[in-house]
Structure formats: structure tokens, C-alpha cells
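Take a look at the structure set out below.
Quick note: the coordinates plus some simple rules give every number you see, no bench work behind them. Source: prediction; values computed, not measured. Cβ coordinates were reconstructed from backbone atoms using ideal geometry, including for glycine residues, and neighbour counts include every protein chain displayed.
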Amino acid sequence: MQDPNQDPEQRRNFWIGNGLLAIALLMLFFMEPLSRMLGMGAVALWMICAAIGTYFIMKK
């Protein structure tokens, strides 16, 4: 396993993934107002955001 700081693309993917996971965390804090506005779409949006964030962190 290589250090993510070695390759600029891996480093970029790591920070994109962390940013998306931070957005997913913020969405959890505001899930009640989001669910009033979007309904079940808020949960779907949160799952998509968390899944894509995890994908970018794990991508090589």
C-alpha cells in the first residue's frame, strides 16, 4: 500500500472523498429539515453522497 501523498491523483481523490463524507455528515445533522423539503430523497441523497465519498477514498 502506497502513501496517498506520493501520487497527486490519489491525493486529489482522497480530499474529494473526505469532502463528500464531510457533506454527508452535515446532512445527518440537518436531516429533519432536509427530509421535510425532499422527503425520502434526503435519505437517498445522503446515501449517494456517502457512497461516492467512500469510493473516492478507496480508489487507487
(request) Might you report the magnitude of the Cβ-based charge dipole of the chain about its Cα centre, with Lys and Arg at +1 and Asp and Glu at -1, to the nearest 20 debye? (result) 80
(request) Multiply the residue gap between residue 36 and residue 55 by 0.36 nm, knock off their C-alpha separation, and tell me the result in nm, one decimal place. (result) 4.0 nm
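Assuming 0.36 nm per residue, please report the length gained on full extension of the stretch residue 12 to residue 43 beyond their Cα-Cα distance.
8.5 nm
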